[in-house]
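S.K.: The structure follows.
Just so it is clear, none of the values below were taken in a lab; they were calculated from the coordinates. Everything quoted here is computed from the prediction, not taken from an experiment. Heads up, the Cβs are rebuilt from the backbone with ideal geometry, glycines too, and the neighbour counts pull from every protein chain shown.
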C-alpha cells in the first residue's frame, strides 16, 4: 500500500471511531463518493451548456462535453426541485467561499459597502472578517446580536440607514436561531422607499441551514432574497462544494462572475456528486433525517442547560448551538483539545462579546448532523453532553 492510501486508511479509522460534532461537517453516502471518484474527473469543461437556461451562453470551450452538458443541466433541474424554486442556479462553485466571492462580484464594484453579520456574533469568515477577501475588496459594515444572543434586527435596520450598503447579507455559521428573511426584506424595502435612489441587493448565505430549508424546518429565502448561496456538504450531506441561486434577471451576472471571473474549469465529478446529493435530498428519508437532526440538537442543548451551562441565545432552532464556557474555568481551545483525547471532535468558537481571542475562545460550537447520519438519537446526544460535562470538570480539576 502506498503512503497516500495508508494515510487515507488512518483517516477512515478516525472517522469510524470518533464522535463527530463539528456543525459544518457530515458523512456522505457511498453513492456520493462513487460519483465524486468517477471518470467525470477526467474532462475539462470550461464554460456552460449552451442555451437560454444558461444566460444564452454559446457553450463549452472544449469539445467532447455532451454528457457533461447533460449532467450539469440535470443537476440544475434537481436543485430547483429541492428548493421548489424557479430561480436560476449555478452548480459550478468549488466551495461556499467561492460561491460567496462570485456572488459579491456579480453585483458589486470594488469598495462598495456590504452589511453582514459580524464574525464574533456568528457570521461566516467570508461575510465580514478583516482577513477575508470580502474586507479586502469591499467596505464591510456589520450587525450583531442583542444581549440575549438573538439577531439584532433593529441594529441591522439602523446600519442600513447609516451606511446605505449596496448589499445586505443574511446567514451565519454559528447562530442557532431562525433567521427571519421576510423581516429583513421588509426592512430593506422600507429603506428603498425612504432613501431616494437607494436600491440594494439582498443576499442569503444558507450554507448551514440548507438542509433545513429544503425540508421545511427553516423558513425559505426563495422569493425573498435576490441571491442565495450555499454549500452542499453540511446539512445537505453531499460533496464539498457550492451553489448559487439568483433571480432570473441576475443570471448572466452570476454566471460570468463564476466563470471566467472567479473560476476556470468546473469540477464535473463534484457536480456529479451534487446530483446524487440533490436526488437524496428529494427523498422522504432525508426529510425524516433533518427532523431528527433538529430534534437531537434541541435535546443536547437542553441537557447542557440542565447540567448548569449557558447556551448562547438560550437554545437552538436548528442543527447547532454554542456552549458558553464563561462560567467555568476552561477555554474553548482547552475543551477542544481535551475532547480530541476522548475521541470527541468539536471546534472552539467565539461567543458574542468574547473576552478571549479567536485562537482561544470562550465557547465551543456543537452540531448534530454528522452523528445523526450515523444513527444517533436523542438519548445518545444526552449521554454525550454528560460525557463532555465530565471532561470539563476534569479540566477544571487538572485531571484532563
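S.K.: What are the equivalent ellipsoid semi-axes of the stretch 43-281, built from the alpha-carbon gyration tensor (square roots of five times its eigenvalues), in whole angstrom, biggest first?
M.R.: Output for the stretch 43-281: semi-axes of 30, 19, 16 Å.
S.K.: Once label points are set 7 Å from the Cα along Cα→Cβ at both residue 16 and residue 186, what is their separation, rounded to one decimal in nm?
M.R.: Result: 5.3 nm between the two label points.
S.K.: So how do 61, 138 line up by other beta-carbon neighbours within 10 Å, fewest first?
M.R.: Ranked by crowding around the Cβ, least crowded first: 61, 138.
S.K.: In addition: Can you work out the FRET efficiency for the pair residue 9 and residue 383, with r the C-beta to C-beta distance and R0 = 30 Å, to the nearest 0.05?
M.R.: Once the sixth-power term is evaluated, E becomes 0.55.
S.K.: Further, regarding this structure: What FRET efficiency do you get for residue 394 and residue 50 if R0 is 56 Å and r is their Cβ-Cβ distance, rounded to the nearest 0.05?
M.R.: Once rounded, the FRET efficiency stands at 0.35.
S.K.: Mind running the shape call on the chain? Use the C-alpha gyration tensor, a ≥ b ≥ c as the square roots of the eigenvalues: rounded below 1.5 for a/c, prolate if a/b tops b/c, oblate otherwise.
M.R.: Verdict is oblate for the chain.
S.K.: Further question: Could you work out the helix-only [θ] at 222 nm for the chain, with each DSSP H run of four or more residues adding -39,500 (n - 2.57) and the total divided by the number of residues, to the nearest 500 deg cm²/dmol?
M.R.: My calculation for the chain gives -12500 deg cm²/dmol from helical runs alone.
S.K.: As a footprinting exposure proxy, order 181, 202 by other Cβ within 10 Å, with the fewest listed first. Intermediate values should be presented prior to the final figure.
M.R.: Values: 181 23, 202 20.
Lowest count first: 202, 181.
S.K.: Measuring from a point 7 Å past the Cα of residue 41 along Cα-to-C-beta, which residues in the stretch 247-277 have an amide N at less than 14 Å?
M.R.: 267-273
S.K.: Over the stretch 43-281, calculate the relative contact order: mean separation of alpha carbon pairs under 8 Å at least 6 apart, over the residue count, as a percent.
M.R.: So the answer I get is 27 percent.
S.K.: Would you please report the Å³ per residue occupied by the convex hull of the alpha carbon atoms in the stretch 1-124?
M.R.: Here the figure is 215 Å³ per residue.
S.K.: List the relative contact order of the chain as a percent without decimals, with contacts defined as Cα pairs under 8 Å and 6+ residues apart.
M.R.: Computed value for the chain: 23 percent relative contact order.
S.K.: What's the Cα-based Rg to Rh of the stretch 86-145, Rh via Kirkwood?
M.R.: Rounded to two decimals, Rg/Rh equals 0.99.
S.K.: Please compute P(r) over all alpha-carbon pairs of the stretch 243-384, binned at 10 Å starting from zero, and give each bin as a whole-number percent.
M.R.: Calculated P(r), rounded to whole percents: 10, 28, 25, 25, 11, 1.
S.K.: Sort 376, 150, 79 so the one with the fewest other Cβ atoms within 10 Å of its own Cβ comes first.
M.R.: Listed from fewest to most nearby Cβ atoms, that is 150, 376, 79.
S.K.: Quick one: what Rg and Dmax do you get for the stretch 263-341 from the alpha carbons, in Å?
M.R.: Looking at the stretch 263-341, its Cα Rg and Dmax stand at 18.4, 52 Å.
S.K.: While we're on this one: What is the distance, in nm, between label points placed 7 Å from the Cα along the Cα-to-Cβ direction at residue 94 and at residue 146?
M.R.: Taking the two extended label points, one gets 4.2 nm.
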